[in-house]
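Report on the structure given below.
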Amino acid sequence: MALHFFKSVAFLFLFYGLASGRVLQLPSIGISMFGFIQTIYVDQSGFAQFQKIQSAIDSIPSNNSHWICIYIRPGLYKEQVTIPVDKPFIYLKGADVKTTIVIWDAHESIITSSTFGSFADNIVVENLNFTNSYNYPPMIKKNPMKPAVAALVSGDKTSFYGCAFSGLQDTLLDDDGKHYFKLCTIEGTMDFIFGGGQSIYEDCTILVNAGSIAQGFITAQGREHPNDTSAFVFKNCKVIGTGKVLLGRAWRAYARVLFYKTSLSNIIVPRGWDAWNFKGHEKQLSFSEAECDGPGADKLKRVKWEKKLSKDMVESLTDLSFINSDNWINGQPFILLN
């Protein structure tokens, strides 16, 4: 394996954090900052160990038990990237979300079409753009609207910082496990954040691109039974874009979504939510808003069955402990937070 150990990496991250005014969050797992991280470099120009992201992932041994950083230099990486279930503890770091782009154009199957698929536990991704180009951007690509996933996230304890997910239908499959999205941008038109994940989206931009259809849907959450702990929680986010869109519709019988302290633009359809295939069973659904603002936050014309959560329930869903009861987020390596 072409793996190299660089003690200077931690120093460079520290210097960057201090110089840019960002806060460096160090691991709380009792391991020296200079003694546990390996770094693999990916560069399309050939001046690194690997030219493909997948090749770098493939080089990591199965059942790896210590954090390994894959640093991806700027470029348009035309490849389908998968982190298999037996390769945990990978920190996938792009140079810059605007210039480090992973792109693929598969469609139809939500499982096999994803540009990026992450199936292992304990994964961190930062500063990467994942795009499914089958029908994106829509002003150029005229293919019919079909499921075309940009990212599938199915492992537990997975977080994304400063990433972008670009597509039209089914952009982000937040499938299963506890997930954290911070300062990310998710773009789409139809059910473009969907799945059964237990996830908090904090300070994210939800970018709607629904100008070419009558109306779109932001979420299609997949909570399947009343004891299922999954939910999509949008905290301090903003919803902007073009066209008209509903906040969500029920993909499964007990779907749960909360928009909290989120800015909603005038693209929100006044009724807000749709029961989809569960009409007549709306009491099972938990679609909620709390302390949102903006022209789309007026709830006078919302569906009557929108849930009114108690203050305690809102606090329990929006507190980081909802996904972080065992403190896994604070145990991740070298996360640069604004």
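Annotations for the structure displayed:
- The helix-based estimate of mean residue ellipticity at 222 nm for the chain, built from -39,500 (n - 2.57) per DSSP H run of four or more residues and divided by its residue count, is -2500 deg cm²/dmol to the nearest 500.
- Amide H contacts for Glu79 (H built 1.01 Å from N in the peptide plane; partners 5 or more residues away or on another chain; cut-off under 5 Å): Ile103.
- Other residues whose C-beta falls under 12 angstrom from the C-beta of Pro147 contribute a net charge of -2, scoring Lys and Arg +1 and Asp and Glu -1.
- The local environment of Gly46, defined by Cβ-Cβ distances under 14 Å, has a net charge of +1 under the rule Lys, Arg +1 and Asp, Glu -1.
- Nearest-20 debye value, region 184-338 charge dipole, Cβ charges on Lys, Arg, Asp, Glu: 660
- Projecting the Cα positions of Gly75, Gly211, Leu183 onto the charge dipole of the chain (unit charges on Cβ atoms of Lys, Arg, Asp and Glu, taken about the Cα centre) puts Gly211 furthest along the positive direction.
- If you take all other residues with their beta carbon under 12 Å from the beta carbon of Ile57, and give Lys and Arg +1 and Asp and Glu -1, the sum is -1.
- Region 101-210 shape via C-alpha gyration tensor axes, a/c threshold 1.5: prolate
- Considering only alpha-carbon pairs that sit under 8 angstrom and 6 or more positions apart, the relative contact order computed for the chain is 12 percent.
- Using Cβ point charges alone (K and R +1, D and E -1), the dipole size of the chain about the Cα centre works out to roughly 700 debye.
- 27 Å Cα-Cα threshold exceeded, pairs from Lys142/Lys261; Lys182/Lys301; Lys178/Lys261: Lys142/Lys261; Lys182/Lys301
- Sorted peptide list for 291-303, 213-225, 176-188, criterion being average Cβ within 10 angstrom, highest first: 176-188, 213-225, 291-303
- Given their separation in residues at 0.36 nm each and the Cα-Cα distance between them, Glu224 and Ser45 gain 59.8 nm when the chain is fully extended.
- Antiparallel bridge percentage (DSSP; both residues within the chain; nearest 5): 5
- Surface accessible to a 1.4 Å probe, per residue, for the residues of the chain, Å²: 41
- In region 170-297, the portion of solvent-accessible area held by carbon and sulfur atoms comes to 46 percent [1.4 Å probe, whole percent, DNA, RNA and ligands not counted].
- Zone of Trp305's modelled label, taken as backbone nitrogen in region 265-297 under 18 Å from a point 7 Å along Cα→Cβ: 270-289
- If you wrap the Cα atoms of the chain in a convex hull and average its projected area over all directions, you get 16.9 nm².
- Rounded to 10°, Cα long-axis angle of helix 8-20 versus longest principal axis of the chain: 50
- Label zone at Trp276 (point 7 Å along Cα-to-Cβ), backbone N below 15 Å, region 227-267: 231-232, 246-258
- Applying 0.36 nm per residue to the separation of Met313 and Asn143 and subtracting their alpha-carbon distance, the gain on full extension is 56.9 nm.
The values are calculated or read from the model by the stated rules, or taken from the named source; none is laboratory data. Note that the coordinates shown come from a computational prediction; the quantities given were computed from them, not determined experimentally. Every residue, glycine as well, gets a Cβ built from its backbone with ideal geometry; the counts of neighbours run over all protein chains shown. Side chains are part of the model used for accessible areas, which takes the heavy atoms of the whole protein and leaves out ligands, DNA and RNA. Shrake-Rupley method; radii C 1.70, N 1.55, O 1.52, S 1.80 Å.
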